[in-house]
Structures are given as C-alpha cells and as structure tokens.
Amino acid sequence: MSDMSERTKANMDVVLEETCRQLPHGGDHDSRRFIAERLIKAVEAGHTTLGELGIVARRALAELTGKSC
C-alpha cells in the first residue's frame, strides 16, 4: 500500500467513510475491513478515481447487506 499516491489514499478514505455512513453506527470493524479490502484490490487493478472506487464500495456494501446494485 505504500506505493499508492496520496491522492489515491485520500480517495479511498473518502469513499470508505461515505459508504460506511450507510451502515448502522458507521459499520463494524469487519464490515469496514471488507469494503476496504475491495477498495485495495480495485486500486491494485488500476481503478483510482472517486467514481471508480465509489462503484466498488457500493457493490461491496450491497454484498454485505444482501441488496442488489
């Protein structure tokens, strides 16, 4: 993760926080970790914009909550 740009890290942070606001109490540790791991995989695949990361995070959230996208 140290190879990521500061902008990418900031984008991940913003998306994680915005997404977890939709969970009760901002999400528990396991839920936040699940979404964060998906974001890291997306960044490793070259998806670094807020829009791209937002899509990944919403899909992860939907998977957690059992809702379809």
Unique residue being surrounded by fewer than 16 Cβ atoms within 10 Å (Cβ to Cβ) and in contact (Cβ under 8 Å) with a residue 40 or more places away in the chain when the list is ARG33, ARG21, ARG7: ARG7
Across region 41-50, which residue is farthest from GLU63 (Cα to Cα) among those that are surrounded by 14 or more Cβ atoms within 10 Å (Cβ to Cβ) and β-branched (Val, Ile, Thr)? THR48
Members of region 10-28 found to be at pLDDT 95 or above and farther than 17 Å from ALA62 by Cβ, listed by number: ALA10, ASN11, MET12, ASP13, VAL14, GLU17
Give me a count of the residues in region 22-49 that are part of a loop (DSSP other than H, G, I, E, B) and closer than 14 Å to LEU64 by Cα. 4
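The values are calculated or read from the model by the stated rules, or taken from the named source; none is laboratory data. Note that the structure is a prediction, hence the values are computed from the model and not measured. Because the Cβ atoms are built from the backbone with ideal geometry, glycine has one as well, and the counts that use them run over all protein chains shown.
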